[in-house]
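Written below as structure tokens is the structure these notes are about.
The values are calculated or read from the model by the stated rules, or taken from the named source; none is laboratory data. No experiment lies behind these values; they were computed from the predicted model shown. Virtual Cβ from ideal backbone geometry, glycine too; neighbours counted across all protein chains shown.
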Amino acid sequence: MKKIIIPILLSLILLSSCKKDYQVERSILIDAPKDLVWEQIKYFHNWQSWSPWYAKDSTMIWTFEGNDGDLESSYSWTSEDSGSGSMLNTGVVEGEELLYQVQFFKPFKSQSDGYLKLKDVNGSTEVVWGFTGTNKGIFALFFNMDKMVGPDFEAGLELLKQHCLELEDTKVEMAVEVINLEEQDYIAIRENIDISGIQNFFARNFGAIMETGIEMQGGYPSGFYYTWDVENMQSDMAAAIPIAKASDVPEGFSRITIPGGKALLINYYGDYNEIGPAHELMESYMLENNLEYIGPAIEEYVSDPMEESNPSKWLTRVIYPVK
């Protein structure tokens, strides 16, 4: 009996004390501006466009929490093929580095610290993707993390490269058009919010408006921007849906009427998070042509992301009422 028990005990002691630190790292050079690549990395929602695990697992379902792109925002996943886990934003150096913690719950439990680092290389972008952790017990003896995860990192970086190049190639040159805006009524929810919470603001309030059952008529779901205070990161804004004048607006919602008249229009194609240059172009055009801004700035969300998965094809009509 001793001949059996002693080897087992020795094996258990060896396994319990065995630890192996690991670091997996891969890199790639992408012929695209660093700010464009950063937008695809910073926001977990954009990972669906290049994640190697999402690409090969059609059963994967993602759930997001927090203000995407901010510290402690996260997503979790469940899958018939890949089990379940979560990823937490643990640090952001804007435009340079994203730190995250990834936990696997099924088919086994583990935790690692990951990072994505960007570096400008003569107008192109070097991306370094890596993560570190410690294998314990039997995992330390039999699992080589570099061989297990390294190929996935390589595949993901290639997908990220393809996605960024596609975004760069499909950019549509923006042009300002002078239009005659027709008067339109909207059912809306207007609040003063933190700019970092815009995505949650729209998701929550568009859903609430839709639940009223009022039929949309005359346009598209829209965002109205009355103020944009970058210094204090605040915006007075509204989530709005066009309705017929005869529609009754329930208590708790506002009726907003956008008057008709002269306006400027830019048809912007691309991710909502990268729409800033369209607004900058509007401001330059108004200054050069001595036009007076009336407001609010309007974004009409023409494309439905549920039907068009490629952000580079999303159309947003940016409208500035002027006189």
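Before moving on, here are some points about what is shown:
- If you go through the stretch 73-86 and keep only what is of a type outside the set (S, T, N, Q) and either over 14 Å from the mean Cα position of the chain (by Cα) or over 29 Å from Asp120 (Cβ atoms) (or both), you end up with Trp77, Glu80, Asp81, Gly83, Gly85.
- Summed over the stretch 79-94, the residues that are surrounded by 15 or more Cβ atoms within 10 Å (Cβ to Cβ) and either among the charged types (D, E, K, R) or not in a strand (DSSP E or B) (or both) give a count of 1.
- Test: residue in the stretch 116-125 that is more than 21 Å from the chain's Cα centre (by Cα) and at pLDDT below 90: yes
- Any hit, the stretch 56-78, residues being modelled with pLDDT under 85 and part of a helix (DSSP H, G or I): yes
- Looking only at the stretch 266-321, and only at residues there that are among the hydroxyl-bearing types (Ser, Thr, Tyr) and under 16 Å from Glu168 (Cα atoms), the one that is modelled with the lowest pLDDT: Ser312
- Being in contact (Cβ under 8 Å) with a residue 40 or more places away in the chain, surrounded by 15 or more Cβ atoms within 10 Å (Cβ to Cβ) and either assigned by TED's automatic domain parsing to the domain that holds Leu181 or not basic (Lys, Arg) (or both) holds for only one residue in Ala238, Ala244, and it is Ala238.
- Scope the stretch 110-136; condition in a strand (DSSP E or B), without any contact (Cβ under 8 Å) to a residue 60 or more places away in the chain and of a type in the set (S, T, N, Q); matching residues: Ser110, Gln111, Ser112
- All positions within the stretch 261-287 that are assigned to a loop (DSSP other than H, G, I, E, B) and either small (Gly, Ala, Ser) or touching a residue at least 60 places away in the same chain (Cβ under 8 Å) (or both): Gly270, Asp271
- Residues (within 21 Å of Ala239 (Cβ to Cβ) and touching a helix residue (DSSP H, G or I) at 6+ places or on another chain (Cβ under 9 Å)) located in the stretch 287-308: Ala297, Glu299, Tyr301, Ser303, Pro305
- Scanning the stretch 27-48 for residues that are among the polar types (S, T, N, Q) and within 13 Å of Glu158 (Cβ to Cβ) gives a single hit, Ser27.
Residue-wise test of (1) closer than 19 Å to Val302 by Cβ; (2) buried (at least 16 other Cβ atoms within 10 Å of the Cβ); (3) over 22 Å from the mean Cα position of the chain (by Cα).
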residue: Leu165; (1), (2), (3): no, no, no
residue: Arg190; (1), (2), (3): no, yes, yes
residue: Met210; (1), (2), (3): yes, no, yes
residue: Glu215; (1), (2), (3): yes, no, yes
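- Filter result for the condition that a residue is among the aromatic types (Phe, Trp, Tyr) and more than 24 Å from Ile195 (Cα to Cα), over Tyr320, Tyr285, Tyr293: Tyr285
- Residues satisfying the stated conditions in the stretch 271-323, i.e. touching a Leu at 6+ places or on another chain (Cβ under 7 Å) and farther than 27 Å from Ile256 by Cα: Ser312
- Met60 being within 20 Å of Pro151 (Cα to Cα), touching a residue at least 40 places away in the same chain (Cβ under 8 Å) and out of contact with any Asp or Glu (no Cβ under 6 Å at 6 or more places or on another chain): no
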